[in-house]
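Derivation of every value follows stated rules applied to the coordinates shown; laboratory data play no part. Remember, it's a predicted structure, so these values are computed and weren't measured experimentally. Every residue, glycine as well, gets a Cβ built from its backbone with ideal geometry; the counts of neighbours run over all protein chains shown.
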């Protein structure tokens, strides 16, 4: 008996160092993803769906858990990450749009700096504008002639900034009613006929609004567009049939908007809030071997047919999940916004909509 | 349709599906039992496992867990007086006094039975309303939603208690606390004192736990002895069943209110429960026993809060506008399976909707059965000296509160509001209006602003507004008629015995000071953010000033249950101890603080012999650690902990 035990111990002793030498970085470890919103928000839902695939595809199969840290309009959890997360690859941040917009418009409470973080993966989304048939437009280029445009929105800042800057770019001045609990109740108000102009992410547009379009109760106008790898505006891959804001500007004004301050403001919000709106970040100083494992896991996930079906098609709506290292420079650049752009956004919100952001 | 319903039922004939459903139900019950934790914790807990199942099983398990949270949360509310979730705070008001009178069994059986019936009616209502839900929901515009929130606030009017001014002040104070955080229609955060924690407003679970739970635990500890005094537990089970039978139409009314509160995106579960409670108080002739343990005050809200979860599924499934965080997670799970909520779900996934309805109904029956079975043992806890229960109860409350945002702010809020709740209960101020004000002020302001901006004054001409307005005014007119018939005799005034009104006066002065401070701050807010806070603060200043003057003259109305001075001193000591607990958590971490708390409670308050106290403390700490591990909860770390 004793020899058996001794033999067992010996074999274990011989096996342990070997195993650790060959083991992947994440073997026996765990990963916690900080979601700085309450459970149930869009980024929370996405991260919870990603978690099992990360477990499966990060070499060493660490357990992946989601931790919600709501508060301060996404700033609390993001600040916590910047100040407390150990740079050992065990803690990641799923930055929601609110955190990105607060960063861009230089909210004084923000203590995080994306330039100090490493990008693990990023995906995006698009959005669609549509109007009620009552306003008398058939396509987006007619928007400046529309009557009684009324939009609803939660209190700013947030994604409504992108919509309002887009309207400003096109020279359209809708009336905006703030106070909605979220974009869902605003859409209900559109269906009730209380609002005549609305703006929803593509997944909501495709599932909830297209039936209205078919019933003749909504007129699709345009998408925000999407950015290709070179940073060129292209049509939204989920709604290819509609023109982008960029195209509509040209239809109305007969020239390209590039170089205009209002275009810079739109592009900044659109890139940071939408095209790269779903970033998964690691603290700066995370060991390169950990980052490599994470990046390779993204590649493996993209090759996994189950992931393609369950997450990429259904939750990412077909927008690519990029390996962080490939697009990191682009994303970092899109998050750095010059002061004149910030001032333009703040002035627009104050002067036109009476909102001090 | 019937065919799809039957096909969906076949899914549950297999033992494996039923077992999965039961696993979901158990998770829901455990989370419901834990104070302050609602459906969202249950759903987050089981989601990682659920996502590995097929769509039907996943939906069944999630629905099962959501369905029973509001059945089980009653146990904690009734027995300990700490709301098992924010929506069951009404059961603290009516159920806990019954437990203290030794009638825990009656209260619990009435609660479970009405929960189950409310849930079943919710499932039935869900089935019936699916074909008509879309036009119904779309017929309610912003003005109607505003009027409904106003109706909810007016129900609070019947909960003001005997001293109307104190009730009003309590409601205004709740509104003021509810106004902390982002303004709905202006980019300004109100009353945040520069703190990031306050930027999103205070979490409802923590507020309910503080105002009711902490105050109750402090009172129990200060009194000494066990929860139930005198009387035997008896065979109250059948009494509870009889109570429900006698008030069967109340169950129907409660369930209907619950379903509507769930269907309308403006209100939410907690408001639905409170509306049902306010409704039963407002429509009862004899109101004397409300607040001291009236079984009707359990039956109506308990049938409502299970029906809310069913009603909530309508906007979730048909519009993809989830009414609660847990429903939002359900949407997420559905999306992940390629099931898209929205108008097309009825044609594409009707069978799945029936799976949800059946799971919901089955879970309500099974969950109530499990709670029934477990309760005799749990009800016996009311005979144990409370000092022996207090440490784990307090630890569970702190743990539950901390899950709201995982900041020390959660614990500080818990104890600050605990002090407030204890002061209010000790000075005879009603706490129900506080919570109603807190819950409804947000939606009321939101829909008022939207209504005003969309409609101008034309909203007053809408027929729906008139109908709800009539429902709102009817009880007041009826009261006026009765008052005139009686010949206009004012309610009698009593004078507080000297010495006792000192506390009452102190509370009045504090409340007035808070309102004055709020008015001072509200003036500096931007237009669009300041109107309602200013209105609330000024009303509070006016009423508070009158209250202080009356209090200084020694007139305080009927303070019949005011505690003895010695008990008040003990209560203050215990609150100081809770502050010590929060401070120790901040410094040395949660487990160390729990150890200190358990030693203090058992040795100093429970007079347990030291060896037992040490053993007990070890067991408590171990249990907290195990629970946190099992539920994957985070414990507050300490600043200087290893």
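Is it the case that some residue within the stretch B:290-297 is assigned to a helix (DSSP H, G or I) and in contact with a helix residue (DSSP H, G or I) (Cβ under 9 Å, 6 or more places away or on another chain)? There is at least one residue in the stretch B:290-297 that is assigned to a helix (DSSP H, G or I) and in contact with a helix residue (DSSP H, G or I) (Cβ under 9 Å, 6 or more places away or on another chain). Pick from the stretch A:65-93 the residues that are away from chain B (no Cβ under 12 Å) and part of a strand (DSSP E or B): which of them is surrounded by the fewest Cβ atoms within 10 Å (Cβ to Cβ)? Within the stretch A:65-93, the match that is surrounded by the fewest Cβ atoms within 10 Å (Cβ to Cβ) is A:91. Residues in the stretch A:150-163 that are at the interface with chain B (Cβ under 9 Å from one of its Cβ atoms) and either without any contact (Cβ under 8 Å) to a residue 24 or more places away in the chain or part of a strand (DSSP E or B) (or both): A:150, A:152. Considering only residues in the stretch A:164-181 that are outside any helix (DSSP H, G or I), touching a strand residue (DSSP E or B) at 6+ places or on another chain (Cβ under 8 Å) and in contact (Cβ under 8 Å) with a residue 60 or more places away in the chain, the one that is nearest to the other protein chains (Cβ to nearest Cβ) turns out to be A:178. Scanning the stretch A:342-357 for residues that are within 14 Å of another protein chain (Cβ to nearest Cβ) and under 23 Å from residue A:227 (Cα atoms) gives a single hit, A:345.
In the stretch A:94-113, the residue that is nearest to the chain's Cα centre (by Cα) out of those that are over 17 Å from residue A:270 (Cβ atoms) and more than 13 Å from chain B (Cβ to nearest Cβ) is A:94.
Let's see how each residue does on (1) part of a loop (DSSP other than H, G, I, E, B); (2) at the interface with chain B (Cβ under 10 Å from one of its Cβ atoms); (3) within 22 Å of residue A:160 (Cα to Cα):
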{"site": "A:318", "(1), (2), (3)": "yes, no, no"}
{"site": "A:329", "(1), (2), (3)": "no, no, no"}
{"site": "A:332", "(1), (2), (3)": "no, no, no"}
{"site": "A:340", "(1), (2), (3)": "no, no, yes"}
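Taking the conditions exactly as written (free of Cβ contacts under 8 Å to residues at least 24 places away in the same chain and touching a helix residue (DSSP H, G or I) at 6+ places or on another chain (Cβ under 8 Å)), does residue B:35 satisfy them or not? It is false that residue B:35 is free of Cβ contacts under 8 Å to residues at least 24 places away in the same chain and touching a helix residue (DSSP H, G or I) at 6+ places or on another chain (Cβ under 8 Å). Filter the stretch B:336-347 down to the residues that are within 7 Å of chain A (Cβ to nearest Cβ) and touching a helix residue (DSSP H, G or I) at 6+ places or on another chain (Cβ under 7 Å), then identify the one that is surrounded by the most Cβ atoms within 10 Å (Cβ to Cβ). Among those that are within 7 Å of chain A (Cβ to nearest Cβ) and touching a helix residue (DSSP H, G or I) at 6+ places or on another chain (Cβ under 7 Å), it is B:336.
Selection within the stretch B:1-52: residues that are more than 21 Å from residue A:41 (Cβ to Cβ) and within 14 Å of another protein chain (Cβ to nearest Cβ). The member of this set that is surrounded by the most Cβ atoms within 10 Å (Cβ to Cβ) is B:49.
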